[in-house]
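What follows is a set of notes on a single structure, which appears directly below.
No lab work stands behind these numbers, since they all come straight from the coordinates. None of the values given here were measured: they were computed from a predicted structure. So basically every Cβ, Gly included, is an ideal-geometry build from the backbone, and we count neighbours across all protein chains shown.
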C-alpha cells in the first residue's frame, strides 16, 4: 500500500549540508501499525512530512496504492493529503478560532462534505473518542488529553487510508498517553488504515506491529522486544 | 460561513483593536479623498446650478465685454423676425447682510418662453395684480421661498441690499412658486432696476437665446451673427461656466493629490495591520495547509478578508469624509471666491462617482496591502506556516531589493521631470515616485543604522546591544514602521517648506508691489466683477484730497480672448512710483513700459505659463470694437492670481472696451501728510455716497497674507490628516512588533530587568526608529520641497518661488516623528510591565 524507495532529504545549515534521510526504503501494508523511532533530530518528522506530501524529497519515490505521490506537483499533493492522509501532531495543532465540532468538520468540508451529513459524521467521530458531550466547547479550555482526542477525531473523520502520528503522546501526561495509544490503534484498525507513528516513547513503540529505527539517516528494522 | 474561512476570519473578531487600527487607517485615507471630492464637487455644482437656474431652456447667449451690450441691440434683434426667442438679462452680485446673492434683472414679458429658467419662474411668480408694482415701485424683487424663510422675509417686507458699496432699500414683492436647485442664491428684479443698481443704464449683461434645434436653428444663428456688432458674440450656454470651472481645475487637482498622499500613507497602516494579522495566524495557516487547504483557497480567504476590511473601511471613510467634507467645503468655497469665481454653496453633495472612487480606492489599497503577506503565507510550505525566522530572512532580502527599487524610483522621478516640461500629471507622478523612493530606502537605512549602533554599543551595554540588534533583526515589523513614518515626515517637510517658501516670496512680492499708502476699492464679491466700481464723483473727490500727491487707477475685469477663454485684465493708470513695483522677469524695463504706454500688454508669469506666451508674442482679445491683437511687451512676477493677469494701459483699455470705470485706486501721500488725518478725510469724503473699502498699505498686505493663509488652510488640514495616519501606522506596526516579542521581553524580566527597564528599552527602540525615519526624511524632504516648488507649482500655476528653508518646518516634522515613535512605545511598555511573567514565558 505505502512503498518508500531510496528516499533522501537534506537540509542546508549555513555552509554545511545535513543529510537527514539517506536512501530510506520501507513498505507498510493496509491496517498495519508501524512505529518509527530514533533520537531527536534523526529525521522522523521529516519522513512523515515527506510521506504526507507536506515536504518534497531530494531523491527517491513514495508510492501510495500504486500512485507515485513524490512525483505530484504541489496542488495535487495537497489534494492527496486532504483525501487520503490523517495527521496527529504532538502539539495537537487545533484551530483556536473554531470549536471542537468545527475543528473536526473542517476536514470534511475541505473534502466537499457539507451540511447535516458533515455534522453527523463529525459528531460520530467525536463520540468515538469520548467527546460527544463537548461538541461546542472552545478547544483551548480542554485538557491536553482531550485536545489530542479532538485531533484524532479530526485525523480520522474523513476515513483516510493512511494515518500519520508525530509524537502523539509527547505533550501528554502519562495517564492521558496511556489512554491515547490504544484509542489511536483501535480507531485506525477499525478503518483498516495504515498507522505510521513517529515516537521516542518506548511504550508507544511497543504497541506497534513493527518498529523501524532511523539511525544516521537510514531506516533499520528493530525487533519488538528491543523497544523497551 | 465555510469553516476554513471562519478559522481565519474569526481571528480579527477576537482581536478588535487590531481590526480597529486597520479600519481607522483606511477610513482616514478614504475620508480625505471623499472630503476633497465632496468640497470641490459641491462648489463646482453650486456654480453650475446657479448658472443653470438662471438659464433654463436657453440654448445660447449673446455676450460682450465688461461694459455690457447696448440694450438697443436687443430691441433690434427682437424685431428682426428671426425664429429665435430672446430674453435680456442684467446680472451682478449683491449682499443681504453677509449672504452673497446673484442679482438678476429680467423682462417678465420676454421671459415665459424660457421654460425652467429663473426669469421664466420670476415672470410666472408675478401675479397680474402685482405687475404695476413690479414696474413702478422702486426696489421690488423676488426670491426663493426657502431663502425668504431663512431671511425671515414676508411679501411686502423691506430690507437693506448692498450693491457695490451702496446700500439700497429693497422690498420682497413675491416668493417664487417653487424652489429648484440653485434658486436659493437668486434675487430677481426688473431689468431697469438692476441696470440702475449695477450701473449698467442702457446696457445688458447678456441676452439669453432659445434657438430651435436642427438646420433651421443653424440658419437662424448664422443670420443672427451677421447682425451682431463688433465685440459682441453669440455662444452656447454653458461654455462660459465650463471655462470658469476650468480656471479652478489646478487648485482642485492639487487638493486631490494631497488627499491621495493621505491614502498612500494609510496604505502602510493597512499593510502593517494586515501583515501582522497574517503572521499571528501562521500556525492556523500552517495547519490548514497540512489538512489539505490549497494555496489558492487560502489566498482567496486572506484576500477576501482584506477586501471585506477594505469595503468596511471605505464605507466608514465615505461617511467620515462626508463629515470632513462639510467643514472643508467652506474653506474650498472661500478660496474659490477669493481667486476664481463667485459661488455660494448651500448644498453639499457627494457625487456617486466620488463614492465609487473612494470605495474602489479603499478596497484596492486593502487588497494591495494584503497581497504581499497573503502570498507569502499561502505560498510557504505547510510545516513552516510562516515562521518568524523565515519571515525575517525574507524581510532582509526585501530590504536589499527595496534599496535597488529606491534608486530606480528616484531615477525614474528625475527622468520624468527632465523628460516632461509642462505636464502637471507627470509632475505629480514624479513627486509620488520620489516619496515611494524614500519609503523604499527607509528599511535598509534602519537596518544599517541599527546594526552599526549595535556594534558601537556592544562593549558599553549588552542591553543596548540587544535592543539595537532586535530592531535590525525584526525588519518585517520595524521596516514597515520606518517606511510609513519617513514617507509621511518627508511629505510634511516638503509641504511645509513649500508653503513657507511661498509665503516668503509672497511677502517680498507684496512689499515690492504695494507702493501706494492707501488703497480704495468698491466692495463686493468676486474678483474682476464689472459692477465693482468706484463712482466717478467719489473717485474724483478722493484723488484731489489735500495730502494726496499722486494716485494710480485700476479697472479689473475679465475679458474674452480669441483662443484661450477668459483672461483677467488689469487696466492701469500708474503713478510714477508704481512702475518699480513690477518685477520684470522677461523684457527690458525701459522698452517694456514704453510699449505699455503705447497699448501693449505686460502679462504675469502665471498667464505667460498658462497660455504659453513670451515677450514679442501676441494675444488676441475680444474688445468692444471686435477682436484685437495685442503685443506682449513684458512678463512680471505675480502671486495674486494663479490664472494670471494681463496689464494694459487704462487709456487703451477705455478705447478698446469703451469702459472708463475704476475698480480700485492707489493713493500716494505727500511726504509731510499725516496718514491718520488723511485717512479720516478719505472716509469722510466717501461717507453717505459709497461704502468703499479704504485700507492702508499695511492692511492690504495683512489682508493678502490672510487670504494666502486661508488658501493654504486646506493644505494644512490635509497635512495633519496625513501626519495622523502616519502616526497611527507607526503605532500599529510597533505595537505589533512589541506584542510579538512579549515572550522575549518576559525572559529579560525573568533575568532581572525591572519593568521600568523594559519600558525604557522599548521607548529607546521606538525612539531610535523615529530618529532614523527623521534622518532619512530630512534630505528627502528638501528634495520634495524642490519638486513641489520647481515642478508641481511651476507646472500648475507658472509661479517661480524661491526656496526658503525655515528651521521650524524641520522642527515640526521632528516633533511629529519623535512624538509618534515615543507614543507608539507606551502601550507595549505598559503591557509588558504588567504581563504575568510565568504565563508570558510559557506562551509562544
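Relative to the present Cα-Cα distance, how much length would full extension add between residue B:400 and residue B:660 at 0.36 nm per residue of separation? Kindly include the intermediate steps, with their values, before the conclusion.
Working: separation 260, 0.36 × 260 = 93.60 nm, distance 6.96 nm.
Stretched out fully, the residue B:400 to residue B:660 stretch lengthens by 86.6 nm.
Highest first, please rank the peptides B:574-586, B:646-658, B:491-503 by the mean number of other Cβ atoms sitting within 10 Å of their residues.
By packing density, highest mean first, the sequence is B:491-503, B:646-658, B:574-586.
Quick one: if the Förster radius is 51 Å, what FRET efficiency do residue B:716 and residue B:192 give, using the C-beta to C-beta distance and rounding to 0.05?
With a Förster radius of 51 Å, E is 0.60.
Kindly work out what percent of the DSSP beta bridges joining two residues of the range B:59-236 are antiparallel, to the nearest 5.
Counting DSSP beta bridges with both partners in the range B:59-236, the antiparallel share is about 80 percent.
Have a look at the DSSP beta bridges in the protein assembly as shown and tell me what percent are antiparallel, nearest 5. Don't jump to the answer; show the numbers that get you there.
Values: 88 of 123 bridges.
Around 70 percent antiparallel, to the nearest 5.
Taking the beta-carbon count within 10 Å as an exposure proxy, list B:284, B:294, A:61 from fewest neighbours to most. Walk me through the intermediate numbers first.
Details: B:284 24, B:294 18, A:61 15.
In order of increasing Cβ crowding within 10 Å: A:61, B:294, B:284.
Which order do the peptides B:305-312, B:506-513 take when ranked by the mean count of other beta-carbon atoms within 10 Å per residue, highest first?
Ranked from most to least packed, the peptides come out as B:305-312, B:506-513.
List the relative contact order of the range B:609-668 as a percent without decimals, with contacts defined as Cα pairs under 8 Å and 6+ residues apart.
Values: 42 pairs, mean separation 16.9, N = 60.
Over the range B:609-668, the number comes to 28 percent.
Taking R0 as 30 Å, what FRET efficiency do you get between residue B:79 and residue B:168 from their Cβ-Cβ distance, rounded to the nearest 0.05?
With R0 = 30 Å, the Cβ-Cβ based efficiency is 0.40.
Expressed as an acute angle from 0 to 90° and rounded to the nearest 10, what is the orientation of the C-alpha long axis of helix A:74-84 relative to the principal long axis of chain A?
Computed tilt is about 60 degrees.
Specify the inter-centroid distance of the range B:761-817 and the range B:1-77, based on alpha-carbon positions, in whole Å.
Spelled out, the Cα-based centre of one part sits 31 Å from the other.
Counting pairs of alpha carbon atoms under 8 Å apart in space and at least six apart in sequence, what relative contact order in percent does chain A give?
Across chain A, relative contact order equals 28 percent.
Summarise the partner chain shielding of B:291-299 as one whole number: the mean count of Cβ atoms from other chains within 10 Å of each residue's Cβ.
That average works out to 6.
Modelling each spin label as a point 7 Å along the Cα-to-Cβ direction, I'd like the residue B:426/residue B:308 distance in nm, to one decimal.
Rounded to a tenth, the inter-label distance reads 4.6 nm.
Please compute the modelled spin-label separation between residue B:753 and residue A:76, points set 7 Å along Cα→Cβ, answer in nm with one decimal.
Label-label distance for residue A:76 and residue B:753, simple model: 5.1 nm.
List the relative contact order of the range B:523-691 as a percent without decimals, with contacts defined as Cα pairs under 8 Å and 6+ residues apart.
33 percent
What ranking do B:391-400, B:163-172 get when scored by the average of other Cβ atoms within 10 Å per residue, highest first?
The packing order, highest mean first, is B:163-172, B:391-400.
Compute the distance from the alpha-carbon center of the range B:453-503 to that of the range B:519-581, in whole Å.
So the separation of the two Cα centres works out to 55 Å.
Kindly state, to the nearest 0.05, the FRET efficiency for residue B:760 paired with residue B:17, given R0 = 30 Å and r defined as their beta-carbon distance.
The value I calculate is 0.80.
Say each of residue B:706 and residue B:99 gets a label point 7 Å from the Cα, pointing the same way as Cα to Cβ; how far apart are those two points in nm?
Calculated label separation equals 2.4 nm.
How much length is gained on full extension from residue A:27 to residue A:58, taking 0.36 nm per residue of separation minus their Cα-Cα distance?
9.2 nm
For helix A:100-110, report the angle its Cα long axis makes with the longest principal axis of the Cα atoms of chain A; keep it between 0 and 90° and round to the nearest 10°.
Taking the Cα atoms of chain A, the angle to A:100-110 is about 60 degrees.
What area, in nm² and to one decimal, does the C-alpha convex hull of the protein assembly as shown cast on average over all directions? List each step's numbers first, then the result.
Details: hull surface 225.4 nm².
The orientation-averaged projected area of the Cα hull of the protein assembly as shown comes to 56.4 nm².
Calculate the mean, over all residues of peptide B:553-566, of how many other protein chain Cβ atoms lie within 10 angstrom of the residue's Cβ.
0
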